[in-house]
1. Any idea which of 496, 286, 169 is furthest toward the positive side of the dipole for the chain, if Lys and Arg beta-carbons carry +1 and Asp and Glu beta-carbons -1?
2. Once fully extended, how much extra length lies between residue 27 and residue 496, figured as 0.36 nm per residue of separation less the alpha-carbon to alpha-carbon distance?
3. Roughly how tilted is helix 185-213, in degrees to the nearest 10 and between 0 and 90, from the longest Cα axis of the chain?
4. Quick check: the distance between the Cα centres of segment 1-38 and segment 62-123, to the nearest angstrom?
5. Tell me, 136, 364 in order of fewest to most beta-carbon neighbours within 10 Å?
6. If one puts a single equal scatterer on every Cα of the chain and applies the Debye formula without solvent, what log₁₀ I(q)/I(0) results at q = 0.06, 0.08, 0.09 Å⁻¹?
7. In nm, to one decimal, how far is the residue 488 label point from the residue 368 one, both placed 7 Å along Cα→Cβ?
8. Let me check against my output: what whole-number percent is the relative contact order of segment 226-327, with C-alpha pairs under 8 Å and at least 6 apart?
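Just so you know, all these numbers are worked out from the coordinates, no wet-lab data involved. For clarity, every value in this text was computed on a predicted model and none was experimentally measured. Every residue, glycine as well, gets a Cβ built from its backbone with ideal geometry; the counts of neighbours run over all protein chains shown.
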Amino acid sequence: MIDPISIAMFVALFIVFVFLGFYGARWRKGDLTKLTEWGLAGKNIGAFLGWFLLGADIYTAYTFIAVPSSLFAKGSIYFFAAPYVIITYAFAMWAMPKFWKIANKRGYITVADFTREVFNSRLLAISVAIVGIVAELPYIALQIVGMQAVLIALLQGVGATQTIIELSLIVSFIILAAFTWTSGLRGATLGALLKDALILVSVVAVVVAVATLGDFHTAFVNASATTVHYFQLPANLYNAYWSLFVFSALALYLYPHVINGSLAQTDPKTVRKTASLLPLYSIGLAFLAMFGFMIYGVPAALNYVHSFPASVQGTQVVPGLILTLLPSWLSGAALLGIFIGGLVPAAIMAIAAANLFTRNIAKEINPKITPKGETRIAQVFAVVFKFLALGFVFVIPLTYAIQLQLFGGILILQILPAFIFGMITRKLNRRALFLGLLAGVVSGVYMMEAANNYAQWATTLIGTGLGPVFIGMIALAINIIIVVAGTLVANAMNVTNDLRKDVLLD
């Protein structure tokens, strides 16, 4: 039943969060009618705040709900999340400072700005923008899943629970839309401070509680009994495991919201320093992932989870441990941390998607849009994209909500040739890049449908002669083959590329 103390703590801290969101408009004042101020916080985020901002970008409901849920249901294969967030920072320390320099010199706000100029192609830039926006929508939807999980935990046993949850989500999104409109990325950055502080305390408290009150031997025995190879990865999934973590690592810093968080920082050294510190968050992610099997050693929490339908049991793993192991006041604070762990990333993702729409779609249609008009369009579409994302919630069973993030990864990987290769070489043909991007997206969506037998999406792996592998890897391979082959054919036919020569830095 509902716990008044938990609810009171949740509401009190939510009020603090809302205050910080609106206070962002006054914090480090800038002209918020300019897109660089509203959407990139004036590029004035230092290493400390950048660490929190990117932490909020990367460690989202994916970390708090989706990964433990998948470990709870399927075991070892989903522990790929731990190594992937470690190796991605090596990629970030090379790519992001380099891109920051180029973007700062040329006034870019998005990756599509870069591809527009470096390959002198409106079509390619618009395509990159569309893919970036669509890839963000399932990721925003994943944040909604996390918020739903918290509300279900808080309101269990209350009459008309579903109605109350829906109303709570609507009110939360209206508040989020309001402070995102007024404060932009500044409000989200301050919200990230509160979110990460609450999550840190919560993870430490649950780990200590499980170690003290739980039974690890029982957890291992009971978890092993749920499915074959729960802890030991079977040989036929080796290629699935490494393809998931390697290509998820490549995908992470291609997402518009992570690009946004990187460009919002003060200089390339800050970007590199932030990336070097972010692996500290990976320790927390590893513990959160282990909650997926630790719960098997906490009978009260396991009984709580099993009281829900199978389709949502996994999403209640972390809330179940919090509610059964922590005192009421702390459980309310911890659940609020997870709740705003969905709200803050949703805001940042919507801002990033809105930046793409404004700069690389709306402005391509109407180049005469004023700077103030750009910001107004971005504000409007930041709200629109939040609500569009709701549609993805109904595509995937909630226990397998991790597939929302992985599907976004399949899509966003397809901009890698135009973006990353574009920072390395100018020899690729722009038409080949467009065709490769198109082929990668179409093949990725088709394989996703085929792998799930044209029903609800419960996997992003597809069978091959080498066993199941991550669909994103195959789609990207198709993309790159077409880019390389198309470039060779264009060169053989002396097709001009018309590239600008003043874009790249030395």
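1. Positive-most Cα among the choices belongs to 496.
2. Gain in length upon complete extension: 163.9 nm.
3. So the helix axis and the longest Cα principal axis differ by about 40 degrees.
4. Centre-to-centre distance over Cα atoms comes out at 26 Å.
5. 364, 136
6. -0.26, -0.47, -0.59
7. 4.8 nm
8. 16 percent
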